[in-house]
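Step one of this worksheet: look at the structure below.
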Amino acid sequence: MRNATELMVQYAEYHRDRRNIATHFIGIPLIVFAIGVLLARPSFALGGLVLTPAWLLWAAATLWYLTRGNLVLGFAVSAANGVLMLLAHQVAGGSTAVWLTWGLGAFIIGWVFQFVGHYYEGRKPAFVDDITGLLVGPMFVTGEALFALGWGKPLLDEIERRAGPTMLRDLAHPAH
């Protein structure tokens, strides 16, 4: 089982261009929100508690994040995803047109941001080589936000030591 440092380093290897990282701050939350919206509509009762597939996915992802060996990062990404799930459930409570427009619209727009970022990077998304990248994406964005706030300098230093510093790729030259 790979720990948070290993996962963040591997993901960072696909994300060294600062423009790509910036697009992920928009794209990844939109995608997480969209998945939450689309999965918040079906619901079922379990022991008097109303559950949705969105909350079950959040719980499973939270368990995964909290078992990667970095509790601060695990709690932070779980909290961020939890806020997105709360918002998603509010939107999903609207009409079918509102539910589908927000769910599909946010999903498509989120992926457009992702692919624009990877154009700048000159490299395919990490999940193409390792499907785990779909779970690591929200952790990476949360980590980058925490780094910007001054948290996690040892983790940031390890990522940069192993994956290299961030940069702006010269688009006139071919990528790696």
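Go through the residues of the range 27-45 one by one and say whether even a single one is closer than 22 Å to T166 by Cα, touching a residue at least 24 places away in the same chain (Cβ under 8 Å) and not aliphatic (A, V, I, L, M). Quick ask: steps written out before the conclusion?
Here is the first cut: in the range 27-45, the ones closer than 22 Å to T166 by Cα are 27-29.
Cutting the leftovers down to touching a residue at least 24 places away in the same chain (Cβ under 8 Å) gives us 27-29.
Then drop every residue that is not not aliphatic (A, V, I, L, M), which leaves 27, 29.
Yes, that holds for at least one residue.
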Across (1) of a type outside the set (F, W, Y); (2) farther than 18 Å from V83 by Cα; (3) surrounded by 15 or more Cβ atoms within 10 Å (Cβ to Cβ), L104 clears everything bar (3)
Out of curiosity, is V141 closer than 23 Å to G36 by Cβ, touching a His at 6+ places or on another chain (Cβ under 7 Å) and among the aliphatic types (A, V, I, L, M)?
yes
Being closer than 25 Å to P29 by Cβ, under 18 Å from the mean Cα position of the chain (by Cα) and modelled with pLDDT under 95 narrows L134, L146, L156 down to just L134
So which residues in the range 1-37 are buried (at least 18 other Cβ atoms within 10 Å of the Cβ) and in contact with a strand residue (DSSP E or B) (Cβ under 8 Å, 6 or more places away or on another chain)?
R16, D17
Taking A40 and the conditions (1) under 16 Å from P138 (Cβ atoms); (2) surrounded by 14 or more Cβ atoms within 10 Å (Cβ to Cβ), which numbered condition does it fall short on, given that it satisfies the others?
(1)
From the set of residues in the range 44-61 that are surrounded by 15 or more Cβ atoms within 10 Å (Cβ to Cβ) and over 14 Å from L134 (Cα atoms), which is farthest from the chain's Cα centre (by Cα)?
T52
For the range 76-84, state whether one or more residues are over 15 Å from the mean Cα position of the chain (by Cα), touching a residue at least 24 places away in the same chain (Cβ under 8 Å) and either crowded, with 22+ Cβ neighbours inside 10 Å or farther than 24 Å from L146 by Cα (or both).
no
Hits in the range 131-146 - residues which are out of contact with any Phe, Trp or Tyr (no Cβ under 8 Å at 6 or more places or on another chain) and surrounded by 16 or more Cβ atoms within 10 Å (Cβ to Cβ)
P138, T142, G143, L146
Among the residues of the range 107-130, the number that are surrounded by 15 or more Cβ atoms within 10 Å (Cβ to Cβ) and of a type in the set (K, R) is 1
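Residue-wise test of (1) farther than 28 Å from M1 by Cβ; (2) modelled with pLDDT of 95 or more.
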residue	(1), (2)
A22	yes, yes
I35	no, yes
F44	yes, no
W58	no, yes
R68	no, yes
V77	no, yes
V83	no, yes
A106	yes, yes
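The values are calculated or read from the model by the stated rules, or taken from the named source; none is laboratory data. In this text, all values refer to a predicted model and were calculated from it rather than measured experimentally. For neighbour counting, all protein chains shown are included, and Cβ atoms are generated from backbone atoms with ideal geometry for every residue, glycine included.
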